[in-house]
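The block underneath contains the structure these notes are about, expressed in structure tokens.
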Amino acid sequence: MITSKKLSTKILIYSLLIIGVILSIAPFYWMIVGSTHPSGEIFRVPPKLLPGNYLAKNFESLSESLGIAKVFWNSLYIAIVYTVLSTLISAMAGYAFAKYRFKGKNGFFFVILCSLMIPFQVTLIPLFEMMVSFDWLNTYQAIILPSLAAPFSIYLMRQNMQVVPDSIIEASRVDGAGELRIFFTVILPVTRPALAAVAIFQFMSQWNSLLWPLITLNSKDMFTLPVALSSLIGMARIDYGELMLGTTLSTIPIMIFFLLLQKQFISGILGGSVKE
Amino acid sequence: MKKYLSVLLAVFLLVLSACSNKSSDDQAKTGDAKHPAGTITVWGWDVAAATMKAAVENFQKKYPDVKVKVEDFNSGDLYEKLTVGLAARGNGLPDVVLMEDERIPGYIHQFPQGFLNLNKLGYDKYKDSFNPAKVASVQDKDGNFVAAPWDIGPAGVFYRVDYFKKAGVDPNSIQTWDDYIAAGKKIKEATGKKMLPIDIPNYDGVFQMMMQQQGLSYFDQDGKITLQSPEAVRAMKVIKQLHDEDLILNNKGWDGIVTATVNGEVATVPYGVWYTGSIMDQAPDLKGKWDVFFLPSFKEGGTRYANVGGSSLLIPATAKNQSAAYAFVEFFTTDKASQMLGFEKYGLFPSLKDTYNDPKFTANSEYFNNSPVFKKFADIVDKVPQIHLTENFAKASSLMANAQAAILLENKSVESALKDAQKQLENQMR
């Protein structure tokens with residue numbers, strides 16, 4: 001009796017889960033299948049659910065119209081440099097706001113939080129004029145530099161640094177460690193989960209960012225993936241097979257990146273929960 | 001410790017090295033009006049950009065000292081970049097930019113000093129080389145060219161030859177919209193297919209075509225709103241009747257129209273001539289099954305012509321190399337060979353009248369039931385009524401789509417929905 005009741009709830013739970021899985025995987029599957037069909041086939045009713053044999057052709061036309069390798073490199077370079085630098089800056093700023101005492105500390109922090117509330121549309125045009133006068137249009141640094149100090153990440157890091165007990169820092173100082181050494185060898189390792197969260201967040205936002213790169217980049221060989229994919233959407237012609245393949249390619253690195261850092265995430269959470 | 005610092009340093013060096021590989025020196029050189037020189041940048045979108053790229057070779061035969069860099073975005077992205085550049089006092093803009101005609105009045109209104117007056121550079125002399133409706137759409141209130149005319153989209157009704165045959169309907173017998181509705185009923189009975197696709201809550205293109213047939217846009221020649229005019233009521237009533245007879249396939253956006261075309265869900269698609277390219281592209285296996293007739297008129301012998309889409313070239317006022325930019329614009333829009341490039345390869349229909357007698361223009365198309373589909377359109381471009389586009393075009397269009405949805409989907413009466421739309425438009429324009 002009990003077992004059959006258990007069994008039926010299990011069946012219920014699992015069938016709900018399976019529906020959920022299908023719902024979340026279906027668009028993804030459709031994207032991958034779509035990238036193996038020619039454009040016209042994608043609109044067929046009933047839809048073709050099995051992979052076709054057009055993948056190589058789609059890739060050929062994609063690299064012809066975009067130079068996909070260079071575009072991929074642009075995106076990867078920008079996202080990685082940006083993630084490393086901005087995560088470091090957020091961590092340093094967060095540490096300073098959490099642990100140092102200096103004049104105007106709260107005032108500064110308040111200003112940083114306020115800047116979270118300014119919509120990007122407001123700063124877009126002045127920032128663009130700045131880039132023009134630096135002669136930085138169509139360069140990597142125009143995309144990487146302006147948003148290096150990310151207010152939200154600084155806030156997140158500060159909250160996490162505050163939890164670190166002052167006594168650790170003091171003990172390190174007593175042992176004769178310099179401030180940089182304390183930061184890199186004591187503080188950073190204990191805030192790993194927060195660092196991973198910030199890194200994922202920064203990487204995703206830069207990898208998917210469209211508006212600012214679109215405004216500052218002009219030539220095809222400098223395009224990032226979102227800008228390049230957007231340029232595939234023509235006035236009267238859209239090659240959907242090409243577009244699906246491009247989209248598939250652009251989601252792969254995010255998945256890899258997330259899977260890599262997921263370990264950090266979980267080990268960080270576990271490490272915090274078990275006190276010995 | 002040292003390890004971290006060195007990593008940091010390496011990253012910074014990488015960034016710096018990326019900063020230094022920039023070359024913009026060759027843009028500094030410019031010539032004068034007689035001998036243009038230097039490099040110009042042109043912004044365009046997909047097939048139009050490709051056409052301009054292809055035309056550079058011919059251009060350089062005449063102007064060997066000018067280098068042309070064509071940059072390619074999707075049109076929505078291009079407008080975004082253009083608006084930001086204009087708002088930043090013309091900074092960071094190219095020397096030549098492509099724009100859809102319906103966008104021109106809006107940009108001129110918002111940035112009156114944003115673009116060069118081409119009359120001042122001598123473009124006026126080409127006034128008679130293009131069809132009059134196109135010329136009217138690229139001139140400002142005082143008759144100055146603000147843009148150089150390029151392609152147009154004379155409208156027709158693309159139809160499925162096999163469906164018409166099966167239902168026993170002769171396309172030549174369709175003279176008026178009433179005939180069109182009657183034919184639609186017959187075809188639906190015989191094949192079960194609907195007559196035409198309209199994205200009811202979002203797209204009022206069919207209404208626009210019907211208005212232009214009657215010589216109007218959302219505005220008359222004096223700029224007065226026409227949404228309550230007898231012409232508008234007449235047009236909307238035809239659309240309502242089509243819907244009441246269940247002849248409209250209500251599907252989503254551009255993708256919906258293409259889907260309906262590929263899958264043969266509709267018997268006709270009223271659209272601009274450039275749709276030929278899309279049909280051939282997306283439905284290669286329907287070869288020989290499509291043909292075209294002109295829009296039905298509202299009364300026997302009435303005008304059957306309208307235009308959908310089209311684009312033109314503008315020179316931003318802050319263009320660094322204006323003489324070379326003008327040389328390119330002048331050459332490209334008035335050179336028959338360049339215009340034929342875009343037509344042959346991509347189906348961009350020129351407004352340059354010289355091109356219409358080209359044998360490639362008058363040839364029969366195998367895909368379109370062996371009929372001279374392009375000649376059909378070329379013969380009518382001069383008859384397309386001139387209409388008045390204004391900076392409020394986009395607002396009017398979205399209000400009309402709302403009104404269309406209210407009439408067809410919420411059973412509002414034609415008169416009251418149009419009255420509301422007129423009022424809303426008046427409010428928004430205030």
Quiz item: What is the fewest-to-most order of B:L196, A:L50 by other Cβ atoms lying within 10 Å of their Cβ?
Solution: A:L50, B:L196
Quiz item: For A:K220, which lysines qualify as cross-link partners when the Cα separation must be under 20 Å and same-chain residues fewer than eight apart are set aside?
Solution: A:K70, B:K22, B:K53, B:K67, B:K69, B:K81
Quiz item: For A:L62, what charge total do you get from the other residues with a beta carbon under 11 Å from its beta carbon, if Lys and Arg give +1 and Asp and Glu give -1?
Solution: -3
Exercise. Could you pull out every one of the lysines with an alpha carbon less than 24 Å from that of B:K376, ignoring same-chain neighbours closer than 8 positions?
Key: B:K127, B:K134, B:K165, B:K287, B:K289, B:K299, B:K336, B:K345, B:K353, B:K360
Quiz item: Once you average over the residues of B:79-85, how many Cβ atoms of partner chains fall within 10 Å of each Cβ?
Solution: 4
Exercise. Pick out which of B:Q213, B:Q322, B:Q110 has the largest mean-square fluctuation in a Gaussian network model of chain B, springs linking Cα atoms closer than 10 Å.
Key: B:Q110
Quiz item: How many angstrom lie between the C-alpha centres of the stretch B:234-286 and the stretch B:87-158?
Solution: 30
Self-check item: Volume per residue that the Cα convex hull of the stretch A:67-231 spans, once the total is divided by residue count, Å³
Solution: 131
Self-check item: Centre separation in Å (Cα based) which lies between the stretch B:355-404 and the stretch A:182-210
Solution: 55
Exercise. Work through the residues other than B:P132 whose Cβ is under 14 Å from its Cβ and net out their charges, Lys, Arg +1 and Asp, Glu -1.
Key: +1
Quiz item: Within straight cross-link reach of B:K375, meaning Cα distance under 15 Å, which aspartates and glutamates are found once same-chain residues fewer than 8 apart are removed?
Solution: B:D291, B:E344, B:D354, B:D358, B:E366
Exercise. Pick out which of B:K336, B:K62, B:K412 has the largest mean-square fluctuation in a Gaussian network model of chain B, springs linking Cα atoms closer than 10 Å.
Key: B:K62
Quiz prompt | Least to most buried among B:S312, A:S115 (fewest other Cβ within 10 Å first) | solution = A:S115, B:S312
Self-check item: Kirkwood Rh and Cα Rg combined as Rg/Rh, the protein assembly as shown
Solution: 1.03
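Values in this text are rule-based calculations from the coordinates and carry no lab data. None of these values were measured; they are calculated from a predicted model. Cβ atoms come from the backbone with ideal geometry, glycine included; neighbour counts cover every protein chain shown.
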